[in-house]
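Engineer: Take a look at this one; I'll ask things after.
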Amino acid sequence: MQKYFGALIPVIVMAHLTAGPAAGQANVNVNVAKPAATAAKAWTPSRTPDGKPDLQGIWNSSTITPLERPLGLAGKEFLTAKEAADYAQSLVRTTNRDRRDGTAEDDLNRAYNDTWYDSGTIVKTMRTSLVVDPPDGRIPPYTPEAQKREAARAEERRRKGPEPGDSWEDRSLGERCITRGAPKLPGGYNNNFQIVQTPGYVAILQEMIHEVRMIPLDNRPHVDKSIRLWMGDSRGHWEGNTLVVDTTNYPDKIVSNAFNCCRGADANLHVIERFTRVSGDTIDYQYTVDDPTTYTRKWTVAVPLTKAEGPIYEYACHEGNYGMANLLSGARARERASERDESK
């Protein structure tokens, strides 16, 4: 089995690099997380002054577990501790941003060095994917309607090229420092969240772009469907020790955001999140995606949140952001070069 898994490591790494924004991470903690103890089920959470389970604090979602199960691991829901350690060691070797054993272009594509990355470990459950439903660990296929939308987007990308820059609106919402969306998938860094509770609200601060979700708990209805919010319109309630957050009213543009939970979704996106504190240092966090005009069925992701040391510092996205100006000026330079070539 070990020989078989070792042969699959390149497949796992490739799937990890293509499955979502956690790709390309190198600063990997190879001390594999231990599976959650069964005794955690009997753990009793502390309470806030109004008697609700206390979720407050700073939490981190970093993980090297891929969003979807690699095809080479079809039918394998969990890794052994040895397999997980081999996987982590493989990522250290193959995605090390400090490597200088390739071309100058390879060095450029590695972007920042390892110091900037906070990739985490395999999730404590040792699952082979963050998608826990469907059982195959894969995001369900697109509906015919969604396939047409994606084909239109692909054609637009083909027409504009791999690095579109007609205007800033060609770039993603994250690059433009507008939003990373909610729920936000784990990425290479800035995976911290701070939860604050009051009797009437739960506030969740996302470190990336320092966005705050204000979630009322008073059973008020969602806002009118004509009002669309970057992070959706959230409403919360308690089911036992679990905070349930129901979010609707997403805008269509959120689907192009690389860190958003549900790429390809449309304005019908409906997300149910569940936060359950299962120990002093872990929140069992899951979200279910329901978008019948995009996916052929609902699907669920589980991302354990681990207690983190604070404080969270401001993510100053716009300040000193030369990236956007450079992207657009680079596009103009390519256009001038193309015009010179055509004139010869």
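The values are calculated or read from the model by the stated rules, or taken from the named source; none is laboratory data. Source: prediction; values computed, not measured. Note that we place each Cβ from the backbone using ideal geometry, even for glycine, and neighbour counts take in every protein chain shown. Areas reflect the complete protein model, heavy atoms only, side chains present, ligands, DNA and RNA absent. Shrake-Rupley method; radii C 1.70, N 1.55, O 1.52, S 1.80 Å.
Engineer: Using the Kirkwood formula on the Cα atoms of the range 150-262, what hydrodynamic radius do you get, in angstrom to one decimal?
Structural biologist: 15.8
Engineer: Carbon and sulfur together cover what percent of the accessible area of the range 95-134 at a 1.4 Å probe radius?
Structural biologist: 49
Engineer: What percentage of the solvent-accessible surface of the range 286-326, computed with a 1.4 Å probe over protein heavy atoms, is contributed by carbon and sulfur atoms?
Structural biologist: Carbon and sulfur together cover 53 percent of it.
Engineer: Using alpha-carbon pairs under 8 Å, 6+ residues apart, how would you state the relative contact order of the range 241-312 in percent?
Structural biologist: Normalised by residue count, the contact order of the range 241-312 is 26 percent.
Engineer: Quick query: amide H of Tyr295 versus all other amide H atoms, modeled in the peptide plane; which residues come in under 5 Å with a sequence gap of 5 or more or a different chain?
Structural biologist: Thr143
Engineer: Moving on. I want to check the label-to-label distance for Arg158 and Thr115. Put each point 7 Å from Cα in the C-beta direction and report it in nm to one decimal.
Structural biologist: According to this spin-label approximation, the distance is 4.4 nm.
Engineer: While we're here: Using θ = phi - 60° and the Karplus form 6.51 cos²θ - 1.76 cosθ + 1.60, what ³J(HN,Hα) does each residue of the range 64-78 get, whole Hz, x for Gly and Pro?
Structural biologist: Once rounded to whole Hz, the list reads 9, 5, x, 4, 10, 5, x, 4, x, 10, 3, x, 10, 7, 10.
Engineer: Charges only on Cβ, +1 for Lys and Arg, -1 for Asp and Glu: so what's the dipole of the range 95-136 about the Cα centre, in debye to the nearest 20?
Structural biologist: 180
Engineer: Normalised by the number of residues in the range 192-344, what is the relative contact order in percent for Cα pairs under 8 Å and 6+ residues apart?
Structural biologist: Result for the range 192-344 is 14 percent.
Engineer: Another question, then. Sorted by mean Cβ packing within 10 Å, highest first, what order do the peptides 130-140, 303-313, 161-171 take?
Structural biologist: Descending mean neighbour count gives 130-140, 303-313, 161-171.
Engineer: May I ask you to order 69-80, 174-185 by the average number of other C-beta atoms within 10 Å around their residues, highest value first?
Structural biologist: 174-185, 69-80
Engineer: Can I ask one more? Over its Cα atoms, what ratio of radius of gyration to 2.2 N^0.38 Å does the range 97-209 give?
Structural biologist: Dividing the Cα radius of gyration by 2.2 N^0.38 Å gives 1.43.
Engineer: Which semi-axis lengths, in whole Å and largest first, follow from the square roots of five times the eigenvalues of the Cα gyration tensor of the range 59-136?
Structural biologist: For the range 59-136, the semi-axes come out at 27, 14, 12 Å.
Engineer: Under a 1.4 Å probe, what is the accessible area of the range 292-344 per residue, stated in Å²?
Structural biologist: So the range 292-344 comes to 69 Å² accessible per residue, rounded to a whole number.
Engineer: Per residue of the range 278-287, what does 6.51 cos²θ - 1.76 cosθ + 1.60 with θ = phi - 60° give for ³J(HN,Hα)? Whole Hz please, x for Gly and Pro, Karplus curve as stated.
Structural biologist: Running phi through 6.51 cos²θ - 1.76 cosθ + 1.60 with θ = phi - 60° gives 10, 6, x, 10, 9, 10, 7, 10, 9, 9 Hz.
Engineer: Okay, moving on. Could you go through the range 224-240 in sequence order and give the Karplus-derived ³J(HN,Hα) for each residue, using 6.51 cos²θ - 1.76 cosθ + 1.60 with θ = phi - 60°, rounded to whole Hz, and x for Gly and Pro?
Structural biologist: Using θ = phi - 60°, the values come out as 4, 4, 6, 9, 10, 10, 4, 9, x, 9, 9, 9, x, 7, 9, 10, x Hz.
Engineer: Also, quick follow-up: Taking amide hydrogens as modeled 1.01 Å from N in the peptide plane, which residues meet the under 5 Å criterion relative to Cys261, leaving out close sequence neighbours?
Structural biologist: For Cys261, the qualifying residues are Ala182, Leu185.
Engineer: How big is the dipole moment of the range 194-344 about its Cα centre under a simple scheme where the beta carbon of each Lys and Arg is +1, that of each Asp and Glu is -1, and everything else is neutral? Debye, nearest 20, please.
Structural biologist: 300
Engineer: Continuing with this model, one more query. For the pairs Lys52/Lys298; Lys82/Lys307; Lys160/Lys184; Lys76/Lys124; Lys225/Lys253, note any where the Cα-Cα span goes beyond 22 Å.
Structural biologist: Lys52/Lys298; Lys82/Lys307; Lys160/Lys184
Engineer: Scan around Asp133 for amide H atoms under 5 Å from its own, H built in the peptide plane at 1.01 Å from N, and keep only partners 5 or more places away or cross-chain.
Structural biologist: The list, which skips near neighbours in sequence, is Thr300.
Engineer: While we're here: Given the Cα-Cα distance of Asp252 and Tyr315 and 0.36 nm per residue of separation, how much length would full extension add, in nm?
Structural biologist: This chain segment gains 20.2 nm when fully extended.
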